[in-house]
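Remarks on the structure that follows.
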Amino acid sequence: MLDIDTHLRELIAFSEKARFAIEVEELTEDVVGELEAISENVVASCQWILAHTSTRGVAR
């Protein structure tokens with residue numbers, strides 16, 4: 001099971017990759033599909049973080 005630090009690092013990496021693709025306008029079908037997958041991963045990571053921090057403080 002991943003810890004919160006790992007999830008946060010993944011969120012940062014996903015966000016940087018998405019921002020770069022948008023900035024250089026490399027929005028081919030492949031990139032759009034990848035951004036959709038990134039979005040799903042961001043949501044899943046946020047849900048995991050909330051589930052592990054909201055009931056008992058910050059879990060480590």
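Values in this text are rule-based calculations from the coordinates and carry no lab data. Because the structure is predicted, anything quoted here is derived from the model rather than measured. FYI the Cβ positions are ideal-geometry reconstructions off the backbone, even for glycines, and counts take in every protein chain you see.
Sort the stretch 4-53 into rounded, prolate or oblate with this rule: let a ≥ b ≥ c be the square roots of the eigenvalues of the Cα gyration tensor; rounded if a/c is under 1.5, and if a/c is not under 1.5, prolate when a/b is larger than b/c, oblate otherwise. Judged from the Cα gyration tensor, the stretch 4-53 comes out prolate (a/c at least 1.5, a/b above b/c). With both labels modelled 7 Å from their Cα along Cα-to-Cβ, the GLU10 to VAL32 distance reads 2.6 nm.
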